Amino acid sequence: MGKKERKIKIGDRLIRPESLMMSYGYRPDWSEGAIKCPIFQTATFSFEKAADGKAFFQFALGEREPGPGESTGLIYSRINNPDVEILEDRLTLWDDAESCAVFASGMAAITTTVLQYVKPGDLLFHSEPLYGGTEYLFKEVFPGFGIHSLGFCAGATREEIEEHLEQSGHADRLKMIFIETPANPTNALVDIEECVDIARKRTRSGSHIPVVVDNTFLGPLFQHPMKHGADMVIYSATKYIGGHSDVIGGVCLGPQELVEPVRTLRSFIGTMSSPMTCWLLLRSLETLKLRMTCQNKNARQVADFLAKHPKVEKVHYLGNITEKHPQYAVYRKQCLGDGGIISFDIRGGEKEAFKWLDSLKLFHIAVSLGGTESLAQHPAAMTHSDVKPEDRAKQGIGENMIRLSIGVEHPEDLIADIEQAFEQV
Ligand SMILES: *Cc1c(COP(=O)(O)O)cnc(C)c1O
């Protein structure tokens with residue numbers, strides 16, 4: 001399928017990503033004129049001539065580049081597949097990335113990317129809190145392979161972050177900074193540019209220290225970490241990209257130079273995505289902007305209602321960061337929207353929170369986020385139950401915190417559900 005021009009123009013007009021989500025990277029004449037890309041549900045691809053097979057393997061292993069008139073060639077669906085490649089091409093548009101690799105899950109994307117750049121004895125420096133699965137991977141799994149991990153608090157000052165790194169005794173083996181911003185479930189922010197600066201300051205000749213941002217919460221619509229100097233962006237495509245709570249997938253984006261080695265490792269450890277999953281994600285991308293814009297708007301109304309309710313102690317929502325807030329400058333710099341995730345502290349503790357959750361009629365009690373339906377969950381007992389209680393307290397995750405993922409329902413119906421649940425508490 002060869003290299004594609006990412007910036008499509010009509011005259012002087014640069015065509016925006018949402019206008020290309022229905023067509024980019026696919027041509028109907030490849031498939032009998034089918035307007036939609038078929039599902040290439042096949043394990044392997046036949047070579048017309050033995051020499052073609054030889055050439056395709058050379059391209060796949062990076063031994064040589066395709067010459068004029070040659071195409072990369074399809075080999076085997078663990079290495080490449082049309083649905084995988086078309087999805088990857090489309091995903092590059094939102095973050096204006098050179099290259100993309102898709103994975104079987106967000107966790108597969110994180111694991112493959114980290115293992116490519118961080119080796120036994122090295123240090124992985126990361127923000128906290130993290131998505132529960134990522135936290136477990138970094139703190140419980142990677143140390144078993146000799147990889148040191150060290151967390152710093154989202155919202156800490158630059159001095160505190162650097163001091164923490166220096167005091168670890170492993171700063172000279174720093175190989176990656178991994179950040180999640182806004183942090184789950186508190187919506188605390190991490191300054192991407194600041195982390196990039198910390199990484200660059202420690203770069204020795206020939207050892208680039210990549211800064212990787214998990215952009216699942218706001219991206220790909222409302223935050224573009226590479227515009228702030230980040231090297232790579234990760235997504236759980238299960239969330240907003242998939243958007244319908246019916247598929248698990250992951251994404252890694254960045255410059256070709258950094259993504260290509262990750263893709264090669266993916267081929268060998270088999271963490272790629274399936275044709276069917278990629279096809280579903282292609283369908284989802286067509287409505288990504290519609291969905292996220294609606295969720296963003298609905299969340300604003302829900303957050304306003306919560307803020308005024310007497311049974312609510314505090315609302316943790318990006319849209320409530322005002323000029324007096326210590327993170328206002330970072331918020332203005334990085335966030336193009338407020339997203340659809342709201343956490344709030346109900347007056348009381350776990351008992352009141354559970355009573356509220358059990359009284360919901362339209363919201364479902366479920367983990368995950370970013371889908372078209374609204375979900376509610378209790379971080380301390382669910383997504384963050386494996387975080388030590390004292391760490392949870394430090395990160396601001398209380399027994400009275402509830403996290404909402406706002407969907408595309410009518411906002412007044414969501415508010416009516418929230419209101420009647422409060423009446424039961
Ligand atoms: C869900 C999630 C992940 C993990 O993704 P899976 O697709 O479930 O493997 C990673 N990071 C964040 C921020 C998430 O919300």
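The values are calculated or read from the model by the stated rules, or taken from the named source; none is laboratory data. Not measured: the values here are computed from a predicted model. So basically every Cβ, Gly included, is an ideal-geometry build from the backbone, and we count neighbours across all protein chains shown. For the accessible areas, the whole protein counts, side chains as well, though only heavy atoms, and no ligand, DNA or RNA atoms are used. Shrake-Rupley method; radii C 1.70, N 1.55, O 1.52, S 1.80 Å.
Under a GNM of the chain (C-alpha, springs under 10 Å), which listed residue has the highest mean-square fluctuation: Glu32, Glu70, Glu412?
Glu32
How large is the charge dipole for region 288-423, taken about the Cα centre, if only the Cβ atoms of Lys, Arg (+1) and Asp, Glu (-1) carry charge, to the nearest 20 debye?
520 debye
Equivalent ellipsoid semi-axes for the chain, as square roots of 5 times the alpha carbon gyration tensor eigenvalues: give them largest first, rounded to whole Å.
37, 27, 19
Each label point is 7 Å from the Cα along the Cα-to-Cβ direction; what then is the distance between the points at Arg158 and Lys311, in nm?
Taking the two extended label points, one gets 4.5 nm.
If amide hydrogens are placed 1.01 Å from N in the peptide plane, which non-local residues have theirs closer than 5 Å to the one on Gly151?
His126
With only alpha-carbon pairs counted, each pair once and no self-pairs, how large is the Kirkwood hydrodynamic radius of region 288-423 in angstroms?
Final number for the Kirkwood radius of region 288-423 is 15.3 Å.
Using the Karplus equation 6.51 cos²θ - 1.76 cosθ + 1.60 (θ = phi - 60°), what ³J(HN,Hα) coupling, rounded to whole Hz, does each residue of region 384-391 give in order, writing x for Gly and Pro?
10, 5, 8, 7, 4, x, 5, 5
Would you be so kind as to identify which of Ala199, Leu130, Gly219 lies farthest towards the positive end of the dipole of region 78-233, taking Lys and Arg as +1 and Asp and Glu as -1 on Cβ and the Cα centre as origin?
Ala199
Could you report the accessible area of Met226 in Å², rounded to 10, computed with a 1.4 Å probe on the protein chains as they sit in the structure?
40 Å²
Which ³J(HN,Hα) values in Hz, rounded to whole numbers, follow from the phi angles of region 147-155 under the Karplus curve 6.51 cos²θ - 1.76 cosθ + 1.60, where θ = phi - 60° and Gly and Pro get x?
Rounded to whole hertz, the list is 8, 7, 10, 9, x, 10, 6, 4, x.
Once ligands and nucleic acids are excluded and a 1.4 Å probe is used, how much of Asp172 is accessible, expressed in Å² to the nearest 10?
Around 130 Å² of this residue is reachable by solvent.
Just to confirm the filter: which trypsin sites (Lys or Arg not before Pro) across region 1-57 are DSSP coil and have at most 15 other Cβ within 10 angstrom of their Cβ?
Lys3, Lys4, Arg6, Lys7, Lys36, Lys49
So for the chain, taking the charge dipole from beta-carbon charges (+1 Lys/Arg, -1 Asp/Glu), which of Ile241, Pro28, Leu285 sits furthest toward the positive end?
Pro28
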